[in-house]
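Beneath this line is the structure, given in structure tokens, with notes to follow.
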Amino acid sequence: MKRIILTIASNLAMASCQNKQVNNTENTQTEAQPSNTENTMTLTQEWDKIFPKSEKVDHRKVTFKNRYGITLVADLYTPKNTQGKLAAIAVSGPFGAVKEQSSGLYAQTLAERGFVTLAFDPSFTGESSGEPRNMPSPEINTEDFSAAVDFLGSLENVDRERIGILGICGYGGFALNAALSDTRIKAVGTSTMYDMTRISANGYEIKMTPNAQGTYDRAPGNTPEARRKMKEQMNNARWESAKKGYASYLPNNLDPKTITPETPKFIAEYADFYRTERGFHPRAVNSNPEHSWADTGMLPLINMPILHYAAEMQTPALLVHGEKAHSRYFSEDAYKQIGSKDKELYIVPDATHVDLYDNKAGKIPFDKFEEFYKKNLAN
């Protein structure tokens with residue numbers, strides 16, 4: 001069981017590993033050019049989100065590049081009947097999800113409330129380019145947020161002095177890291193955040209069964225020796241992975257058919273979201289029944305703690321988490337670490353981790369997010 005849980009901790013992703021090809025799309029910052037030369041990019045134009053399309057906003061698909069030359073694909077949401085320059089928010093996550101899932105829902109809802117928003121697929125996943133597929137990177141995934149800020153700041157209807165970001169689940173940690181690095185970001189929000197570098201190094205630092213109150217008690221993380229063994233396994237896997245251009249993958253352990261009473265409750269909740277009609281999307285890593293992340297992908301996450309300089313953060317921050325989320329300790333500890341004077345930890349009563357992925361339970365505190373961004377991205 002421990003091995004399975006550690007695999008899932010490294011695996012919380014869902015990327016359709018098909019080498020999607022991408023053509024030019026309208027309304028892009030620059031002409032869409034794939035980061036690899038073997039394929040051209042073909043973007044889906046029909047509405048294929050897990051949430052209904054809003055009549056209150058305009059939507060279009062856009063592309064832009066990050067500093068590494070990787071083409072990111074995003075959905076741009078703009079509130080209708082607005083004039084002048086608006087505040088803007090870039091949104092991404094969860095880790096292993098695509099913009100057609102949670103990040104798109106957050107982006108569209110915030111656009112309904114007056115912001116220009118951008119939900120993007122991170123590098124190597126979804127419709128964005130980058131090979132090998134499903135390859136996480138603490139540096140590149142942080143850069144993706146800054147590239148989104150670059151794009152938003154190039155739009156005529158966006159005030160580049162009023163741009164914020166929002167990261168969900170694993171991209172909550174990357175969003176905080178981006179706010180540490182990029183001083184142009186005026187407000188950073190997270191929802192049900194993970195620090196992917198911490199969990200990759202330490203595993204889950206909780207007891208795997210909820211206590212009588214439905215929350216999770218803390219437990220020690222991995223020892224240095226356990227980390228050493230993980231790195232040995234991953235590095236030994238590189239011999240075969242290199243022969244395949246590093247396009248070899250971990251299994252996806254989120255099959256609802258394999259869930260038993262012994263399965264940790266939160267793992268069952270992940271499976272219920274990603275692998276059922278509720279949240280399934282064919283381009284998402286975590287929804288892919290065949291495989292998950294690249295089998296060497298977690299090596300840099302183990303070795304590069306992204307929040308090492310958190311005490312130096314000055315950006316206003318809102319950290320939202322569910323009271324009964326197994327991952328709550330990530331937000332609680334990050335809140336203590338970050339140096340921002342304007343910071344808040346907001347706990348959603350009775351909410352689990354996955355309750356904040358969609359609004360099935362009606363627990364995403366959109367009013368709180370709206371209040372935070374309007375305060376910190378004001379004229």
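Of all residues in the stretch 253-280, those that are farther than 21 Å from Trp293 by Cβ have Cβ atoms under 8 Å from Cβ atoms of residues that are in a loop (DSSP other than H, G, I, E, B) and open to solvent by 60 Å² or more (accessible area, probe 1.4 Å), 6 or more apart or on another chain, in Glu262/Met1; Lys265/Thr209; Arg278/Lys360.
Would you mind stating whether Thr276 is buried (at least 16 other Cβ atoms within 10 Å of the Cβ), on the phi < 0 side of the Ramachandran plot and assigned to a loop (DSSP other than H, G, I, E, B)? It is false that Thr276 is buried (at least 16 other Cβ atoms within 10 Å of the Cβ), on the phi < 0 side of the Ramachandran plot and assigned to a loop (DSSP other than H, G, I, E, B).
One residue alone among Asn211, Asn177, Asn157, Asn222 is touching a residue at least 60 places away in the same chain (Cβ under 8 Å) and surrounded by fewer than 24 Cβ atoms within 10 Å (Cβ to Cβ), and that residue is Asn157.
State whether one or more residues within the stretch 6-18 are modelled with pLDDT of 95 or more and open to solvent by 40 Å² or more (accessible area, probe 1.4 Å).
Initial filter on the stretch 6-18 (modelled with pLDDT of 95 or more): none.
No, the conditions are met nowhere in the stretch 6-18.
Return yes when Met234 is over 22 Å from Leu345 (Cα atoms) and part of a loop (DSSP other than H, G, I, E, B) and no when it is not. Spelling it out, it is not the case that Met234 is over 22 Å from Leu345 (Cα atoms) and part of a loop (DSSP other than H, G, I, E, B).
Within the stretch 57-111, considering only strands (runs of 3 or more DSSP E) that don't extend past its boundaries, which have at least 2 residues that are surrounded by fewer than 24 Cβ atoms within 10 Å (Cβ to Cβ), modelled with pLDDT of 95 or more and over 19 Å from the mean Cα position of the chain (by Cα)?
Numbers: elements: 57-65, 71-79, 86-92.
Because the criterion is at least 2 residues that are surrounded by fewer than 24 Cβ atoms within 10 Å (Cβ to Cβ), modelled with pLDDT of 95 or more and over 19 Å from the mean Cα position of the chain (by Cα), the strands (runs of 3 or more DSSP E) in the stretch 57-111 that meet it are 57-65, 71-79.
Listed by first and then second residue, the pairs with beta-carbon distance under 8 Å, at least 6 apart or on different chains, first residue in the stretch 328-339 and touching a residue at least 12 places away in the same chain (Cβ under 8 Å), second among the basic types (Lys, Arg) and part of a helix (DSSP H, G or I), are Phe330/Arg198. Considering only the stretch 166-183, I want to know if a residue exists there that is touching a Lys or Arg at 6+ places or on another chain (Cβ under 9 Å), farther than 16 Å from Ala310 by Cβ and of a type outside the set (Asp, Glu). Looking through the stretch 166-183, none of the residues is touching a Lys or Arg at 6+ places or on another chain (Cβ under 9 Å), farther than 16 Å from Ala310 by Cβ and of a type outside the set (Asp, Glu). Filtered by the rule that a residue be more than 15 Å from Lys61 (Cβ to Cβ) and touching a Phe, Trp or Tyr at 6+ places or on another chain (Cβ under 6 Å), the stretch 93-111 gives Gly93, Ser102, Leu105, Thr109. You will find that of Ile70, Ile50, Ile89, the residue that is under 18 Å from Gly153 (Cβ atoms), hydrophobic (A, V, I, L, M, F, W, C) and touching a Gly at 6+ places or on another chain (Cβ under 6 Å) is Ile89 and no other. Close Cβ contacts (under 7 Å, 6 or more residues apart or on different chains) running from residues in the stretch 93-117 that are over 25 Å from Ala378 (Cα atoms) to residues that are assigned to a helix (DSSP H, G or I) and open to solvent by 10 Å² or more (accessible area, probe 1.4 Å) are absent.
For the stretch 121-128, indicate whether the set of residues that are among the hydrophobic types (A, V, I, L, M, F, W, C) and either buried (at least 23 other Cβ atoms within 10 Å of the Cβ) or under 21 Å from His291 (Cα atoms) (or both) is non-empty. Break it down into steps so the answer makes sense when it comes.
Initial filter on the stretch 121-128 (among the hydrophobic types (A, V, I, L, M, F, W, C)): 124.
Restricting the remaining residues to those that are either buried (at least 23 other Cβ atoms within 10 Å of the Cβ) or under 21 Å from His291 (Cα atoms) (or both) gives 124.
Yes, the stretch 121-128 contains a residue that is among the hydrophobic types (A, V, I, L, M, F, W, C) and either buried (at least 23 other Cβ atoms within 10 Å of the Cβ) or under 21 Å from His291 (Cα atoms) (or both).
The test for being hydrophobic (A, V, I, L, M, F, W, C) and either over 18 Å from the mean Cα position of the chain (by Cα) or surrounded by fewer than 20 Cβ atoms within 10 Å (Cβ to Cβ) (or both) holds for Ile206.
The values are calculated or read from the model by the stated rules, or taken from the named source; none is laboratory data. These numbers come from a predicted model, not from an experiment. As a convention, Cβ positions derive from the backbone with ideal geometry for all residues, glycine included, and neighbour counts pool all protein chains shown. Heavy atoms of the whole protein, side chains included, go into the accessibility calculation; ligands, DNA and RNA do not. Shrake-Rupley method; radii C 1.70, N 1.55, O 1.52, S 1.80 Å.
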